[in-house]
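Any read-out appearing in this document is the output of simple, stated calculations on the displayed coordinates, not a laboratory observation. What you see is a predicted model, and the numbers here were worked out from it, not measured in a lab. As a convention, Cβ positions derive from the backbone with ideal geometry for all residues, glycine included, and neighbour counts pool all protein chains shown.
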C-alpha cells in the first residue's frame, strides 16, 4: 500500500508536469508560428482540434514513456543521482520523438526557430518533471529516516555481524523487528529481549510482525549450513539479502549496496525494470492477438475434443503461481474424464488416459493455447517457469528447496525447461528440469525470452512435444 501511494504521487506529478510543459510550449508555438499563419488569439489557437488533441494525449504519452523506463517500479529507495540521469535520458528520448512526429509538421518563418522550439521543449519538460520528482523523493527519504515509512526487517543471525548490520540499517531508516539466532552455539551480540525465537518460529514471527525483508547475517562460514538456512527462507516469498562476504556460496546474484552496506539480493533476477515492463505489456498484446487471430483454430479444436470423447472442451486445474498464489490454469482437454480419480498423476507419452486427439494436441503443444487467457488475466506470462501443482511442489522442495525462487516471477506457457528438457513424468525428472528454470530465472532478459519463443515455435511446427 505504501509503495502504491508513493508511485501514485510520481504518476500524478509527471502527468501534471507534462500537461503544464505542453501548455507553455503551445504558447511558444503560437508566438513563433501560429501568429504568422493567421491565428487571431492564443485562446483560438488552443481551440484548434490538433492542438486540443495534443494537450490531451501528450501527457499520456509521457506517462507511458516513464512507465517503460521503469521509473515507477521502485518508488522507494531511489538514488537522486540515478533519478537525475533517468529523467534526463527519458525526457531527451521523448522530446526527440515528439519533435519529429509533431513539431516538424509546423512551418516556421525561419529554420532556426526549430532549434529554439527543441531546446525550449526539452528545458520545460525536464525541469517541470525533475523538480517535483526530487521534492517527492526527498520527502520519501525524510519519512524513511524518521521511520514513518520504515521497512520491517528480520535479521537471521544474532552475532557480531548481525548486530553491526542492524546498526547500519537502523541508521538508514530501517526498522529492525528483531533477531533469530542461526543456532544454539553462536554467542549472542544483541540484547536477549531482541531475540524473538529460533528458526522454527519464523512463520508466526513473519506474519505477526509484518516483515518486509529478511537479512541473513550469520557468523558461520560453513557454506552447506548457510545454504540450508537460505533455502529454508525462500518459502516465505520475501526479499532476502545476504552479506556480500558470503558470495562463495552463491551463483549469479545482484549486489545492492545501501550506502556502504554491501548486501546480495538473492531473490532478485537480472531482468531490468525496463525489460520487465516491456515483457508485461507485450504479454498482454500478444495474448490478445493470439486469442483473436487463432479463434477459428480454437473452434475446430473444441469440435474435435467434443467429438473424440465425452466431457468438457476445456480442462481446468489449480496451479501455484506468482508469489505462491494459487490460480486455475486452462487447457484443451487431452485426457478422458476422471483421469485422476485415483489422485494426482504425471503423464507420459504412452499414457492410456490420453485420448487419440489428445496425443495430437500434446505433440504440437496445442493443448496449451487456452493459457493465453491466463496471460491476459495476469496469472501467467508467455515465457516463464512452468507452474506446478502444490502436490508435486511439496515433493520437489524436499530435495530442491530453491524451487521457491521461481514463485518470484509469473509462470509461463513455455519455458527454458520445456524447450530444453520437455515433459517430466516423475518428481526426479521434474527436479532435473528445474535446473533449466533456475538458469532462466538467474539470466532473465527479453533476448532470452525471444530465444525460448523461437524454440517453442519450432517445437509446435515440428511436433517435438510429447
Note to self: Neighbour counts of other C-beta atoms within 10 Å: give me 49, 334 arranged from fewest to most.
What the structure shows: 49, 334
Check: On average over all directions, what projected area in square nanometres does the stretch 96-236 have, based on the convex hull of its Cα atoms?
Finding: 13.6
Checklist line | Mean Cα-pair separation over length for the chain, i.e. relative contact order, pairs under 8 Å, 6 or more apart, % | finding: 11
Checklist line | For the stretch 375-426: relative contact order, % (alpha-carbon pairs under 8 angstrom, 6 or more apart) | finding: 51
Next item on the list: Go through [x] 27.5, 87; [y] 21.8, 77; [z] 20.4, 60 and flag the label whose value is the computed Rg and Dmax of the Cα atoms in Å for this structure.
Entry: [x]
Next item on the list: Among 437, 222, rank each residue by its count of other Cβ atoms within 10 Å, from fewest to most, as a rough exposure measure.
Entry: 222, 437
Check: What shape does the stretch 404-466 take by its C-alpha gyration tensor, where a ≥ b ≥ c are the square roots of the eigenvalues and a/c under 1.5 counts as rounded, a/b above b/c as prolate, and the rest as oblate?
Finding: oblate
Checklist line | Pairs of alpha carbons in the stretch 2-145 whose separation is greater than 24 Å (percent) | finding: 35
Check: If you count, for each residue, the other Cβ atoms within 10 Å and average over each peptide, how do 190-196, 21-27, 278-284 line up from highest to lowest?
Finding: 21-27, 278-284, 190-196
Item checked: Space enclosed by the convex hull of the alpha-carbon atoms of the stretch 348-466, per residue, Å³ -> 107
Notebook entry, point to check: When averaged across all projection directions, what area in nm² does the alpha-carbon convex hull of the stretch 362-425 cover?
Noted result: 4.8
Margin query: Relative contact order of the stretch 409-466, please, whole-number percent, based on alpha carbon pairs below 8 angstrom and at least 6 residues apart.
Written below: 44
Notebook entry, point to check: How large is log10 I(q)/I(0) at q = 0.28 Å⁻¹ when the Debye formula is applied to the Cα atoms of the stretch 68-134, each weighted equally and without solvent?
Noted result: -1.25
Item checked: Residue exposure sequence - 300, 71 - by fewest surrounding Cβ within 10 Å -> 300, 71
Next item on the list: Kindly state, to the nearest 0.05, the FRET efficiency for residue 284 paired with residue 83, given R0 = 41 Å and r defined as their beta-carbon distance.
Entry: 0.90
